[in-house]
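Asks: Here it is: the structure, laid out below.
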Amino acid sequence: MTQLSGTPSAFERTPLSTDERTRAEVNFVPYVAQALVAEGRFEVTADSLEQIELFQNVARRVGGVLGRPVLTYANGEVVVITFDPDEPTVLAGRGAPAVQD
């Protein structure tokens, strides 16, 4: 198959523009925050450094929105965003720390 010079192949991704990256981060925050509150974790396929960085930035924003430390784990294929297990949990709507043994 002939490919024009300078055109990305079917397997190359065009990097996100700064505006696209910012909009993606902002739009993913409520979705990821909701998943963390409901399930305690959020998992997404992210097979490029750009996607991994994007979801690490989303995790930072989510931590700020929820007021809790959030961790990310990436293995080159999947990014997992979860609450920091070393931080005490807060009872929903009460602001009091949960009792831990």
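The values are calculated or read from the model by the stated rules, or taken from the named source; none is laboratory data. The model shown is predicted, which means the values in this text are computed figures rather than measured ones. Using ideal geometry, Cβ is built from the backbone for each residue, glycine included, and neighbour counts are taken over all protein chains shown.
Residue-by-condition table, conditions (1) surrounded by 14 or more Cβ atoms within 10 Å (Cβ to Cβ); (2) at pLDDT below 95; (3) touching a helix residue (DSSP H, G or I) at 6+ places or on another chain (Cβ under 8 Å):
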residue	(1), (2), (3)
Asn27	no, no, no
Val32	yes, no, yes
Ser48	no, yes, no
Gln51	yes, yes, no
Tyr73	no, yes, no
Glu87	no, yes, no
Pro97	no, yes, no
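Asks: What pairs come up if the first residue lies in the range 35-55 and is basic (Lys, Arg), the second is surrounded by 14 or more Cβ atoms within 10 Å (Cβ to Cβ) and modelled with pLDDT of 95 or more, and their beta carbons are under 9 Å apart, counting only those six or more places apart or on different chains?
Replies: Final answer for the pair search is Arg41/Ala35; Arg41/Val80; Arg41/Ile81; Arg41/Thr82.
Asks: Would you be able to tell me the number of residues in the range 7-25 that are modelled with pLDDT under 90 and not basic (Lys, Arg)? So that I can check it myself, show each step before the final result.
Replies: First, the residues of the range 7-25 that are modelled with pLDDT under 90: 7-14.
Restricting the remaining residues to those that are not basic (Lys, Arg) gives 7-12, 14.
Final tally of qualifying residues: 7.
Asks: For residues that are within 13 Å of the chain's Cα centre (by Cα) and small (Gly, Ala, Ser), scanning just the range 41-63, find the one that is farthest from Pro15 (Cα to Cα).
Replies: Looking at the filtered set, the residue picked out is Gly63.
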